[in-house]
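Presented below is the structure to which this report refers.
The values are calculated or read from the model by the stated rules, or taken from the named source; none is laboratory data. All values reported here derive from a predicted model rather than from experimental measurement. Counting neighbours? That spans all protein chains shown, and the Cβs are built from the backbone with ideal geometry, glycine included.
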Amino acid sequence: MATAASSRVRLAAIVAIVSALGLVLIVSTSPSGASAGSASLEPDLVTLPLGEQDLAMQLDGSSTLLRFSNEIGNLGAGPLEISPSAASNDCDGDADPANDRDASQRVYEDADGSGGYEADSDPVASEHRFGCMRYHLAHDHWHVLDIARYALRHEPSGKLAARTRKVGFCLADFRRAFPGPSSPLEPVYPIEPADGTAQRGCQASDTQGLSSGWADIYLLDVPGQQLDVSGLERGRYCLISTTDPRDLISERDETNNSTRLRIALRPKQPAVRALARPCSA
């Protein structure tokens with residue numbers, strides 16, 4: 001299986017061709033220069049639909065893993081922008097100041113009334129701390145924690161069969177999934193080799209984000225992109241992926257963060273296939 005770093009860099013080439021607990025704390029609002037009554041340009045996170053190409057099975061020692069890709073997009077008029085604190089406040093609670101930073105979200109103001117974010121004219125409207133950024137050893141870069149969560153439920157009962165802890169991402173513009181007037185033509189939050197050895201965009205001091213209209217993806221071979229289905233019975237299941245599962249991020253719509261895919265799963269073979277019929281309500 002490819003390493004996380006090589007998978008991300010490889011994906012960048014492909015696209016070119018084709019948490020710790022945290023309370024919401026307002027740290028700044030309505031900075032000087034902001035116009036009273038102007039609309040805020042919030043992001044709108046969505047999890048893009050999964051398909052057959054996003055699924056795979058893996059035997060890992062005594063475990064059987066359902067592997068899958070996950071893609072998060074931004075439908076909002078403004079960017080999702082996450083910045084780290086200058087120093088650690090031990091937001092992950094492990095008493096190691098070298099591996100974490102507080103995560104803060106910036107929301108911009110539509111100062112010129114254009115309806116979309118423009119870097120030259122739209123100031124920061126608010127900023128709040130919402131969670132944690134942490135170094136991820138397997139991926140060899142920094143993640144915003146609590147960005148996604150995966151679950152598997154029996155069909156049609158809905159009984160929980162498997163789930164992950166909340167999953168972190170290094171958020172970056174990888175694909176312009178929703179072209180439109182608010183969406184920049186080029187990535188604003190990149191991840192790429194800066195000097196042939198290190199990635200730019202996912203280090204301790206880097207601002208991470210998703211521009212309006214852009215999406216980020218973790219391929220199915222990336223560590224963490226799996227559910228342990230060892231011991232599950234053959235049958236139909238609903239695979240559910242949810243972004244911002246704890247509603248920590250300020251966004252335009254909190255009701256569209258999940259995607260569901262009905263699958264036929266045979267853990268003992270092992271085999272999986274996507275089904276056309278949607279998951280039960």
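Got at least one residue in the stretch 9-19 being closer than 19 Å to Thr164 by Cβ and either surrounded by 19 or more Cβ atoms within 10 Å (Cβ to Cβ) or modelled with pLDDT under 50 (or both)?
yes
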Revision key, fill the gap. Checked the stretch 159-178 for anything at pLDDT below 95 and not charged (D, E, K, R); matches are Thr164, Val167, Gly168, Phe169, Cys170, Leu171, Ala172, Phe174
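Can you give me the number of residues within the stretch 230-243 that are crowded, with 24+ Cβ neighbours inside 10 Å and either among the β-branched types (Val, Ile, Thr) or out of contact with any His (no Cβ under 9 Å at 6 or more places or on another chain) (or both)?
Within the stretch 230-243, residues that are crowded, with 24+ Cβ neighbours inside 10 Å and either among the β-branched types (Val, Ile, Thr) or out of contact with any His (no Cβ under 9 Å at 6 or more places or on another chain) (or both) number 3.
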Practice item. Please give the number of the condition Leu248 fails out of (1) at pLDDT 95 or above; (2) more than 15 Å from Arg67 (Cα to Cα). Key: (1)
Practice item. Being among the aromatic types (Phe, Trp, Tyr) and outside any strand (DSSP E or B) is the filter here, so list the residues in the stretch 117-167 that pass it. Key: Tyr117
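Hey, can you tell me all the residues within the stretch 53-85 that are part of a loop (DSSP other than H, G, I, E, B) and either among the acidic types (Asp, Glu) or crowded, with 22+ Cβ neighbours inside 10 Å (or both)?
Taking the stretch 53-85 and keeping what is part of a loop (DSSP other than H, G, I, E, B), we get 61-62, 69, 75-79, 85.
Correct list: Gly76, Ala77, Gly78, Pro79.
Quick one: which of Ser104, Ser88 is buried (at least 19 other Cβ atoms within 10 Å of the Cβ) and part of a strand (DSSP E or B)? Full working, then the answer.
Values: Ser88 fails: part of a strand (DSSP E or B).
Answer to the check: Ser104.
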